[in-house]
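Down below is the structure, laid out as structure tokens.
The values are calculated or read from the model by the stated rules, or taken from the named source; none is laboratory data. Keep in mind that this is a model prediction, so the values were computed, not measured. When we count neighbours, we look across all protein chains shown, and the Cβ atoms used for this are built from the backbone with ideal geometry, even at glycine. These accessible areas exclude ligands, DNA and RNA; they are computed on the full protein's heavy atoms, side chains included. Shrake-Rupley method; radii C 1.70, N 1.55, O 1.52, S 1.80 Å.
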Amino acid sequence: MSVTVRTMTPADLDAALAIEHESFPAPWSRGMFADELTRPGRIWLAAVDDTGALVGYGGVMRVAEEVHLMNLAVAAGCRRTGVARALLGELRTRAATAGGRHLTLEVRERNESARALYAAEGMIVTGRRPGYYETGEDALIMGADLPAVAVGQPGPAAGPPVAAADAGRELVLAIETSCDETAAAVMRGGAELLSSVVASQVDFHSRFGGVVPEIASRKHTEAIVGVVDAALEQAGVSLADLDALAVTHGPGLIGALVVGVAYAKGLALATGLPLVGVNHLEGHIFANVLDDPTVGPPLIALVVSGGHTSLIHVPEWGVYRTLGETLDDAAGEAFDKVAKVLGLGYPGGPVISRLAEEGDPAAIDFPRAMLRSGDYRFSLSGLKTAVINHVRHEREAGREIHAPDLAASFQAAVVDVQVAKTVRAAREHGVAVVCLAGGVAANPSLRESLRAALAAEGIRLSVPPFALCTDNAAMIAAAGTWRFRRGERLGLDAEAVSDLRLG
Ligand code: KG4
Ligand code: ZN
């Protein structure tokens, strides 16, 4: 039997009362259940089989760090099939994510199967309540610490998710709003992309030569409902078909992230669907897997976007060791600033790389900052200044700027350093594959130079498809599915974190 655990709703009450009556000598009344479901600090979950029929339920009450199991029952015909364990596991994860630290419960001394279940889940007897039950029986008090979860962070790895029988087919809706694209995607089984909708705000920002945070949050708010609806419609699914929601909860512009996170939390609350938080940079790295599922750790990732330039060692999925980052501007930011100086608009990357194709990369000898620094750090603001100074100098001298040569020479200076450091990191860590990620991964010169340099060392380069280099929600769905399978959850009290770290 495949069992799915979801939030319990008043619609479950009839079926729950039937199970309650067959399970306990003094069953709860409908009024007690109905009241419980609406109270703050409660988590009530329903377990349903593949026909959608209720086979069990359980609820906890949380007061600050203390969590108490109030009720847990499984339909008579479905006992000893893992339903109680699935319910308890998800209750513990959700309670921990909401801030709970310690779980207690009472169990009938003579209910040996229940005691065995709780003992197998690591709960120990901590006390006794004499004559607790209406029959005069004693209750044993059992307790256990909940897994440590920082509030607002993804939950712990809690073994396989509850819908284990559906593993490989999970339907996930992902939302991404960390910068200037409002994006939503629907994915099946972590790889099969059913839809990917990206509403770009570029035209609003381009007139200011860069992303204006206030405009970004406003535009996300206007776009998100339509983008999510379009992603569901294009995938041919409804909210009721989904198994989980994933959302980028950092890093990025705080006002932009908040829109996606708040919307996803609202959806999770309304639908009872589990919510998973994804780090935007992890999403960019996962974009590589979408085209080629054989790509996997150990690997080195070069994440180059409008906000980041980082070399990351990934010994296994979920473990990210940042080897070095930019000390000042990000690579994409440098492209954008140089384009602005040349009056080429925003974003600068695509237009500079197109111009560069017709230019001579050796025309101007721009600095290769930190090329020989012996570490994995980058610095791009000096290069930007060198380009600005060159432009000013040429204009003052009355000479015309040859934009293709300038673009090609600037791009070569960026690419040379990125390639040298990435190859050295791959060699030093003995990996067989390097993943290029982030918006600048769309740069053809970087792709080709890196591919050639790595090939000379027998190392493979993986690049995402062009459409998945810049921000999108397909990559968030891929990373989110992986985190969902690990049992990780984002609490409904979680907040967006603008400087969220990887790993
Ligand atoms: O990943 P992304 O969409 O957003 C962030 O997370 O920052 O990256 C956007 C950045 C912009 O700075 C843009 O100029 C740059 O990626 N970019 C490129 C190219 N296409 C986009 N940079 C260089 N060459 C390109 N072809
Ligand atoms: Zn990005």
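Ligands, DNA and RNA aside, Y57 has an accessible area near 0 Å² when probed at 1.4 Å.
Nearest 10 degrees, 0 to 90: what angle lies between the long axis of helix 444-455 and the longest principal axis of the chain (Cα atoms)? Relative to the chain, helix 444-455 is tipped by roughly 80 degrees. When the Cα convex hull of the chain is projected onto planes of every orientation, the mean area is 25.5 nm². Note on V463: accessible area is roughly 20 Å² with a 1.4 Å probe, heavy atoms of protein only. The length gained by stretching the chain between A15 and R110 to full extension, at 0.36 nm per residue less their Cα-Cα distance, is 31.6 nm. Over the chain, accessible surface divided per residue gives 41 Å², non-protein components excluded, 1.4 Å probe. At full extension, A363 and E400 could sit 11.9 nm farther apart than now, given 0.36 nm per residue minus the alpha carbon distance. Add -39500 (n - 2.57) for each DSSP H run of 4 or more in the chain, then divide by its residues: what number comes out at 222 nm, to the nearest 500 deg cm²/dmol? The per-residue figure over the chain is -12000 deg cm²/dmol. Charging the Cβ of each Asp and Glu at -1 and of each Lys and Arg at +1, and nothing else, the dipole of the stretch 89-147 about its Cα centre rounds to 160 debye.
Segment A191..T135, full-extension length gain: 14.7 nm, with 0.36 nm per residue of separation and the alpha-carbon distance subtracted.
Seen against the Cα atoms of the chain and their longest principal axis, helix 13-23 is set at about 50 degrees.
Of the solvent-accessible surface of the chain, computed with a 1.4 Å probe over protein heavy atoms with every protein chain present, carbon and sulfur atoms account for 53 percent.
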